[in-house]
Each structure stands twice: as C-alpha cells, then as structure tokens.
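What follows is one structure encoded as structure tokens, with my remarks underneath.
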Amino acid sequence: MASVLDDVEPGGRVAVVRLRSLGDSVLTTPALRILKRARPDVRVGVMVEDRYRAVFEDQPDTDVILPARLAALRRFRPRLCLNLHGGTRSAWITRASGARWRAGFGHYRMQWAYNLRIPRAQQILGAERIVHTAEHLASAMFWLGAPVMEIPRASLGCRVPRGPSIATAVLHPFAAAPEKTWPAAGFQAIAGHLERSGMEVVVIGGAGDDFAPFRAWRTLPGAPLAEVKDLLATAALFVGNDSGPAHLAAAFGLPVVAIFGASDPAIWGPWRTQSEVVAAPAGIASVHVDSVLEALARLGVRA
C-alpha cells in the first residue's frame, strides 16, 4: 500500500508548520532529517515565527523558511502540510493551506483541520513508555511513510567552522518560569569553578533577563539567535536550566549539564549528546551546587 510520502510527486513540496518555541524548533530537525533521507527530492518548507527563523537558516534539511503567514504557505503550494505545533492558529493555517494532505496528531484540538490523524508516538514506535519530544515529532515521519530508523541528533547550521576553538563554557542561568530557574547564586558558584578550571565563561540570555549577578563574566544579553548558534558551535561545554539554549547546545554535540525543575527530563532532556541532568525532589531551588559540580566531574570538568 502506497504511503502519504509516496503520494508526493517527484520534486514535490512538503510544508511543516512549527511556529513557536526554541526547544521545539530545534527538536523538529531530527524529523526533517528523516523526511529528507526518505525523500531527498522533495522541497521542504518550514513555517516558523521570525524570532526562531535562525534555527532553520542553513539547516541542511530545510529548503525554504516560510514566514508565519497563510499567504506564504499557499504560495508554496505543498502537497502535504504537516502541523507539528498543534495550536489553534497552526490548525487554521493547516486547514487553509491548500494541501491535498493535511496531517496532525490525533490528540491535537480542532481535529476537523486534518484529513490525516497521526496516532500516538508510542503506537507508531511500538514502545509503551514515555517518549522524548524528538521521538514524538519524528514518529510522524514514520507514520507518513519514511522508513523506521534511529532518530538522529538535532542538526543546525552556523556561520563558523564547528568544533571548540577555545575552552569556552556557555552558561544560561535563565528560564521562562521561576520553577524552571535555578538560583543565580548557584550559577555564580559554577562560573567560578569553571574559571578556576581554565575555561572562559560566557553567560547568555534574553534582553530582559537580569544579568547583574553575572557582571564578573562576559555576558551576551539579547544576542541574536544566529550569534548564539555561532558561539555554541565553537564552545566546549554548556550549563543551564531546562530551556531552549540547552537544546541548541545538544544539537552541536556539546557536553551539557541541564538543571531541571518542573519538566520531565525523559521528555525534554538533552537529546543525543553527552549530558548530565540534575534535579531534586523538592524543586529546582533545592538543587545543591555540589550536585552540579559532581555532574561536571562526570563530564570530565574539574577545578
């Protein structure tokens, strides 16, 4: 029986609606790699908001970056439109895309938007367990007809040669919610430890984040996403909260120490890189500095 991907004509077009979230955008790229391996001839267009556009710039499996506007999607004229976002706006966009096939997971709201309803990842993968977000997104490609394979690491492009040129440790001590944010004093202690080990410390975050506790180190407040990618592509280590930059670091194969609070590491942990997850039953504020130092030691970083 022919699959949906088989129905896409040679050189045809597949649109992937991603929209928002840095981490989700990064973790979509393994699914794109699987799609391109199955159908290297198709043109893949990813619809994403401008603030996350840099995730897909120079990304080897993305042919076209589509702005988050319906008109742009309709001009692209996809045969298949796959919604990997699942929100109300993305459902309306998918429904109105003009694509012959409109696919979304069966647990999404607004099921009337889709004529292809993708089952649970556990059913597709044949594994009744918690699945990582990268596995969840990639499973859609298997259901659409891509051969089942090992789900690869996320892949990003950048403007500089990859690989650590200097011993740089990138710290991201911020997050979207207090329950996901380790106290600044903990990151200060880790930054001092890394300096004593001979590493240059660079602290990254958004323009609205409070960098005052980190004035002793180089900081990049509000740096463009493309600049953050370039930094991580040449860094040697990442330490940060459970947030989007940790997934960027993992995509470049950096050793990662991720400090978790409310989220489940089985779903959101660093994907396919050497990593240590640090958490505490009482919440992220109760994570001890010693626990993070021990995680660094297991990664080979010592004072």
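The values are calculated or read from the model by the stated rules, or taken from the named source; none is laboratory data. From a predicted model like this one, the values you see are computed outputs, not experimental measurements. Cβ coordinates were reconstructed from backbone atoms using ideal geometry, including for glycine residues, and neighbour counts include every protein chain displayed.
Based on what the data block shows, is D242 in contact with a strand residue (DSSP E or B) (Cβ under 9 Å, 6 or more places away or on another chain) and not assigned by TED's automatic domain parsing to the domain that holds G23?
yes
Name every residue in segment 3-36 that is assigned to a strand (DSSP E or B) and modelled with pLDDT under 95, in order of residue number.
Within segment 3-36, L19 is the sole residue that qualifies.
Residues are listed down the side, and each one gets a yes or a no for (1) surrounded by fewer than 21 Cβ atoms within 10 Å (Cβ to Cβ); (2) modelled with pLDDT under 95:
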residue: T234; (1), (2): yes, yes
residue: A246; (1), (2): no, no
residue: A251; (1), (2): no, no
residue: A266; (1), (2): yes, no
residue: W271; (1), (2): no, no
residue: P281; (1), (2): yes, yes
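Pick from A146, A127, A177, A103: which is under 23 Å from the mean Cα position of the chain (by Cα) and closer than 29 Å to F214 by Cα?
A177
Quick check on this structure: which one of M47, M149 is in contact with a strand residue (DSSP E or B) (Cβ under 6 Å, 6 or more places away or on another chain), within 30 Å of A233 (Cα to Cα), modelled with pLDDT of 95 or more and not acidic (D, E)?
M47
Residue check, H172 against (1) surrounded by 16 or more Cβ atoms within 10 Å (Cβ to Cβ); (2) not assigned by TED's automatic domain parsing to the domain that holds P255, all met but one. Which one?
(2)
Suppose we filter segment 175-229 for residues that are in contact with an Asp or Glu (Cβ under 8 Å, 6 or more places away or on another chain), of a type in the set (D, E, K, R) and surrounded by 14 or more Cβ atoms within 10 Å (Cβ to Cβ); how many remain?
Total meeting the criteria: 1.
Collect the residues in segment 45-65 that are surrounded by fewer than 22 Cβ atoms within 10 Å (Cβ to Cβ) and either more than 14 Å from L22 (Cα to Cα) or polar (S, T, N, Q) (or both), keeping them in residue-number order.
Of everything in segment 45-65, those that are surrounded by fewer than 22 Cβ atoms within 10 Å (Cβ to Cβ) and either more than 14 Å from L22 (Cα to Cα) or polar (S, T, N, Q) (or both) turn out to be D58, P60, D61, D63, V64, I65.
Quick one: how many residues across segment 1-44 are buried (at least 17 other Cβ atoms within 10 Å of the Cβ), within 21 Å of E227 (Cα to Cα) and of a type in the set (D, E, K, R)?
Residues that pass the stated criteria total 1.
Collect the residues in segment 163-198 that are within 18 Å of V256 (Cα to Cα) and either acidic (D, E) or at pLDDT below 95 (or both), keeping them in residue-number order.
Correct list: G163, P164, S165, I166, A167, E195, S197, G198.
From the set of residues in segment 89-122 that are free of Cβ contacts under 8 Å to residues at least 24 places away in the same chain and closer than 15 Å to M47 by Cα, which is surrounded by the fewest Cβ atoms within 10 Å (Cβ to Cβ)? Can you show your working first?
First pass over segment 89-122, keeping only residues free of Cβ contacts under 8 Å to residues at least 24 places away in the same chain: 91-92, 95, 102, 104, 106-107, 109-112, 115, 117, 120-122.
Okay, now just the ones that are also closer than 15 Å to M47 by Cα, so 91-92, 95, 102, 104.
Numbers: A91: 22, W92: 13, R95: 19, R102: 24, G104: 27.
Applying the filter and picking the extreme gives W92.
For R162, which of the numbered conditions (1) closer than 26 Å to A54 by Cα; (2) in contact with a helix residue (DSSP H, G or I) (Cβ under 7 Å, 6 or more places away or on another chain); (3) assigned by TED's automatic domain parsing to the domain that holds V287; (4) assigned to a loop (DSSP other than H, G, I, E, B) fails to hold?
If we test R162 against (1) closer than 26 Å to A54 by Cα; (2) in contact with a helix residue (DSSP H, G or I) (Cβ under 7 Å, 6 or more places away or on another chain); (3) assigned by TED's automatic domain parsing to the domain that holds V287; (4) assigned to a loop (DSSP other than H, G, I, E, B), just (3) comes out false.
Please enumerate the residues belonging to segment 208-236 that are aliphatic (A, V, I, L, M) and not in a loop (DSSP other than H, G, I, E, B). Walk me through how you get there before you give the answer.
At the first step, the residues of segment 208-236 found to be aliphatic (A, V, I, L, M) are 212, 216, 220, 223, 225-226, 228, 231-233, 235-236.
Of everything in segment 208-236, those that are aliphatic (A, V, I, L, M) and not in a loop (DSSP other than H, G, I, E, B) turn out to be A212, L220, L225, A226, V228, L231, L232, A233.
Just give me the residues in segment 212-267 being touching a helix residue (DSSP H, G or I) at 6+ places or on another chain (Cβ under 7 Å) and of a type in the set (D, E, K, R), in sequence order.
K229, D242, listed by residue number.
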